[in-house]
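Structure first, commentary second.
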């Protein structure tokens, strides 16, 4: 005769502590809606009884939740400016692509997504926290956008104990959060490998300050390390910038003075300046675009923007399911690697 199972159940803990099963369940998941003292008491009794959670339960609950299509828990996407909010709901090759991938991945997992603009709401962090809670929102994706130095970046400190939050991209105001980012250092590594294969001798870095800031200066840092390993005669200085991004005139003066054979760029602005000046690409100079998002003719690195958005949602949902609310003790960073995308601006076999 089979022996009786000794698995401790929620009902056993409920009987022992006098709390209802729903309270016990929330306390064991460390949910902030239950007082800390109550959580500690219930968890202590559960440990004494030898309770062990069943790892299959969360999977089963997720499957059951997926069958109830009328209810979808909401993920908040929080941005600072109206401009970023507008870009996210447009066909923007960055924000629009990112937001679309977030909505798609969230829908696949049974969640909906709402966009919130801090500047338009004009409320305090505590008020915004209450708004989220009143709407049943516990998962928040934070978007950077803009310059920390100029005060354009988001800096709302929510009542974190009630939320699971993930930073998408870079923002020094939220270094304590888990984050998902493009692996810009790896992307430059790909570019450098292509330079070596093609025996490029004089490589210039033609990315303005504001664009480089968006990579958390990873592009520039990796390029400087590359330059350090070159003979001095092959090191080309950066385009001069006096307080703001360099313009067409400053760039062309720099280009004519230093005559690089290859340029690392971000987007198609530099290519347009060169073509307007009569410079032939790739005959006179080759270009590698570090953020290739559909620019015709430009070779470069696809930073896999859609994958970044999807990975952010996956991380957020996994943290929600394991009730990891508040500021993590050991924040994690997930970096999504880019991929080489060929184009006429950088012939690979010549």
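Just so you know, all these numbers are worked out from the coordinates, no wet-lab data involved. Source: prediction; values computed, not measured. Cβ sites come from the backbone with ideal geometry, for glycine too, and all protein chains shown count toward neighbours.
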Original post:
Fewest first, what order do 112, 280, 92 take by the number of other Cβ atoms within 10 Å?
Top reply: 280, 112, 92
Original post:
Which order do 26, 264, 224 fall in if you start with the one that has the fewest other Cβ atoms within 10 Å?
Top reply: 224, 26, 264
Subject >> Segment residue 173-residue 31, extension gain: residue separation times 0.36 nm, minus the distance between their alpha carbons >> reply: 48.5 nm
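Output the relative contact order of the chain, whole-number percent, from Cα pairs under 8 angstrom with separation of 6+ residues. Could you put the intermediate results ahead of the total?
Details: 548 pairs, mean separation 64.8, N = 350.
The normalised contact order for the chain reaches 19 percent.
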Original post:
Could you give the nm distance between label points at residue 157 and residue 248, where each point is 7 Å from its Cα heading toward the beta carbon?
Top reply: 4.6 nm
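Set the Förster distance to 30 Å, then compute FRET efficiency between residue 44 and residue 73 from the Cβ-Cβ distance, nearest 0.05.
Details: r = 30 Å, r/R0 = 1.00.
The computed FRET efficiency comes out at 0.50.
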Original post:
Quick one: length gained pulling residue 15 to residue 279 fully straight, 0.36 nm per residue minus the C-alpha distance?
Top reply: 86.9 nm
Subject >> Read-out P(r) over Cα pairs in 10 Å bins from 0, in percent, derived from the coordinates shown; its label in (1) 5, 17, 21, 20, 16, 11, 6, 3, 1, 0, 0; (2) 5, 23, 30, 24, 14, 5, 0; (3) 5, 21, 26, 19, 14, 9, 5, 2, 0, 0 >> reply: (3)
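Roughly speaking, what is the stretch gain from residue 344 to residue 119, that is 0.36 nm per residue apart minus the C-alpha to C-alpha distance, in nm to one decimal?
Numbers: separation 225, 0.36 × 225 = 81.00 nm, distance 4.21 nm.
So the chain would gain 76.8 nm between residue 344 and residue 119.
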**OP:** Kindly work out what percent of the DSSP beta bridges joining two residues of the chain are antiparallel, to the nearest 5.
**Re:** 10 percent
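At a Förster radius of 56 Å, what calculated FRET efficiency corresponds to the Cβ-Cβ distance of residue 327 and residue 198, to the nearest 0.05? Intermediate results must be reported in sequence, preceding the final value.
Values: r = 46 Å, r/R0 = 0.83.
My answer for the efficiency is 0.75.
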Original post:
Over the stretch 156-296, what relative contact order in percent results from Cα pairs under 8 Å that are six or more residues apart?
Top reply: 23 percent
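Please work out the Kirkwood hydrodynamic radius for the stretch 228-350, using every pair of different C-alpha atoms, and report it in angstroms with one decimal place.
When all Cα pairs of the stretch 228-350 are included, the Kirkwood radius is 17.5 Å.
Output the peptides 177-183, 250-256 sorted from most to least packed, where packing is the average of other Cβ atoms within 10 Å over each peptide's residues.
Most protected by this proxy first, the peptides run 177-183, 250-256.
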Subject >> Helix-only CD estimate at 222 nm, as mean residue ellipticity for the chain, using -39500 (n - 2.57) per DSSP H run (n ≥ 4) >> reply: -12500 deg cm²/dmol
